[in-house]
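Right, one structure below, let's go through it.
Derivation of every value follows stated rules applied to the coordinates shown; laboratory data play no part. Source: prediction; values computed, not measured. When we count neighbours, we look across all protein chains shown, and the Cβ atoms used for this are built from the backbone with ideal geometry, even at glycine.
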Amino acid sequence: MSPSPVFKTEPSSPQAWREAFLDMKPSVVPCPGMTPAGWQAVHAASLDFPHKHADEAGRHGWTTMQLFGVYPSLGVIRSDFCGAMVLSGDLVSKVEADFIRFERTRCFRDVPGRPTGAVPIWAVKR
């Protein structure tokens, strides 16, 4: 039996990212530390991302945690665990191998000292 696609953490899993966000509701904040307005922005950007940039991110080797990771019990309160899409809430304008450019900022892929142990935002149990 194959594992559920929403728990895939390997790079190049754009289909899993698409499926995970289609199952999430913009009105239901998925993790601690995120406001309803913040979640609506992240949700909208994360729905846009798979259609325009997920395949490119997968080719560059971006992982689920680098994009959508959060701290398992504290959510976005521990921002050092958070992935690029969770931190921004802006639409992605370009994906590179080492950073993602958003409308107003960039998020770099390799941040020295980034802890391990994040979970995808859709896997947080509230």
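Test of understanding: in a Gaussian network model of the chain with alpha carbons linked when under 10 Å, which of Asp90, Asp98, Asp80 would top the mean-square fluctuation ranking? Among Asp90, Asp98, Asp80, the largest GNM mean-square fluctuation belongs to Asp98. Across the stretch 10-126, Cα-Cα pairs farther apart than 26 Å form 8% of the total.
With contacts taken as Cα pairs under 8 Å at a separation of at least 6 residues, the chain carries a relative contact order of 28 percent. About its Cα centre, the dipole of the chain is roughly 220 debye, where the only charges are +1 on Lys and Arg Cβ and -1 on Asp and Glu Cβ.
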